[in-house]
1. Is it the case that some residue within region 146-156 is away from the ligand (no atom under 13 Å from the Cβ), of a type in the set (Asp, Glu) and at pLDDT 95 or above?
2. Would a scan of region 206-222 turn up a residue that is of a type in the set (Asp, Glu) and either in contact with a Phe, Trp or Tyr (Cβ under 9 Å, 6 or more places away or on another chain) or more than 16 Å from the ligand (Cβ to nearest atom) (or both)?
3. Run Glu253 past the list (1) assigned by TED's automatic domain parsing to the domain that holds Gln97; (2) at pLDDT below 75; (3) acidic (Asp, Glu) and report the number of the one that doesn't hold.
4. Can you say whether Arg135 is surrounded by 15 or more Cβ atoms within 10 Å (Cβ to Cβ), modelled with pLDDT under 95 and among the basic types (Lys, Arg), as far as the supplied structure shows?
5. What single numbered condition from (1) away from the ligand (no atom under 16 Å from the Cβ); (2) out of contact with any helix residue (DSSP H, G or I) (no Cβ under 8 Å at 6 or more places or on another chain) fails to hold for Arg175?
6. Does Thr247 qualify as being among the β-branched types (Val, Ile, Thr) and either touching a strand residue (DSSP E or B) at 6+ places or on another chain (Cβ under 7 Å) or not assigned by TED's automatic domain parsing to the domain that holds Ile164 (or both)?
7. Scan region 132-145 for residues that are more than 16 Å from the ligand (Cβ to nearest atom) and part of a loop (DSSP other than H, G, I, E, B) and jot them down.
8. Quickly run through region 68-94 and pick out the residues that are in contact with a Leu (Cβ under 9 Å, 6 or more places away or on another chain), in contact (Cβ under 8 Å) with a residue 24 or more places away in the chain and part of a loop (DSSP other than H, G, I, E, B).
Amino acid sequence: MNGSKPCGRVCEPGLRSIPEIAGSRRPWRSLTQRALSVLFIGLLSCSAPFCPAHAHSFVSNPPMIWPDGDVGVVLKLGTPDRTLIDGNTSWEAVAAQALSTWNSHLGTIQFSPLIQNPGMGSDRDGVNQVFFGSRVYGESFGGLVLAVTTIWHDGTTRTEADVIFNTAVSWDSYRGPARRVGGKLLCDFFRVALHEFGHVLGLDHPDQAGQTVSAIMNGVVSDLDNLTTDDVEGAEALYQARAPVITVQPRTESGLFHLTMTGLTNRNHIIQASTDLVTWVSLTTNNVTNGELDFMDTNLIGSSARFYRALVAP
Ligand SMILES: [Zn+2]
């Protein structure tokens, strides 16, 4: 067995490194390491600089990434004893929405969620598991830590990532500014899941890499409740941009053109039309908020051909 070697990406100053945690999956060749990435409570203000530098950071350099294809994620979260603020009735549903949000931007891999009975996961079993726990495989979460993502890898290939949400935190699921109840943070499970799954992808905290940028991947939870351009560009740098997919074929029911396709969340998309594929006229600018672009041309299409295209606005 090789000796252990924490990766040094433990992000909260007060959280100690975990010694003696890793051996080698293939001891004769490569060292497999585990590091922890954590999101902790901090200032509940959303820092959105006027002109942010887009410079996401990665867990390692060179980055460790998943092989092409599906990345299975076992959700063992269970159901809350109430309906959550956003209407969800299971933690798995919220986690699946967070995975799906990332999936809409991932080209070479896709998260593939699988729901199992709630309970603890197992460390270093080659299965990616998401669950609630009061400790991180025997280790303390440390103060103010909301969740931890473990990082197992073989060279630059990711092999396992477990996400453990701290049971000591008051969880709910809602959009908008971070809420407090009785002075205590009511933590939005969705945005923290987005953040942790970003670690699963291989992203790290830009704010702890000397960057000032609006990002769900910043190490402090804030009013930000969804991915930003910086987060998406970080994921695309690792797994390529996801090609647009037409989800509803353009149809001419009632003589109208109606298109639904995937788009880049929080980006404007310009819909243009042409009759000769040479001259294009902009029809509308459509802001994509949930990863889906929906466009209906209210003008009746005449007998001549009309072509459409969608461009991501600069
Ligand atoms: Zn983090």
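The values are calculated or read from the model by the stated rules, or taken from the named source; none is laboratory data. Remember, it's a predicted structure, so these values are computed and weren't measured experimentally. Every residue, glycine as well, gets a Cβ built from its backbone with ideal geometry; the counts of neighbours run over all protein chains shown.
1. No.
2. Looking through region 206-222, none of the residues is of a type in the set (Asp, Glu) and either in contact with a Phe, Trp or Tyr (Cβ under 9 Å, 6 or more places away or on another chain) or more than 16 Å from the ligand (Cβ to nearest atom) (or both).
3. With (1) assigned by TED's automatic domain parsing to the domain that holds Gln97; (2) at pLDDT below 75; (3) acidic (Asp, Glu) applied to Glu253, the lone miss is (1).
4. Spelling it out, it is not the case that Arg135 is surrounded by 15 or more Cβ atoms within 10 Å (Cβ to Cβ), modelled with pLDDT under 95 and among the basic types (Lys, Arg).
5. For Arg175, the failing item is (2).
6. yes
7. Ser134, Arg135, Tyr137, Gly138, Ser140
8. Across region 68-94, the qualifying residue is only Ile85.
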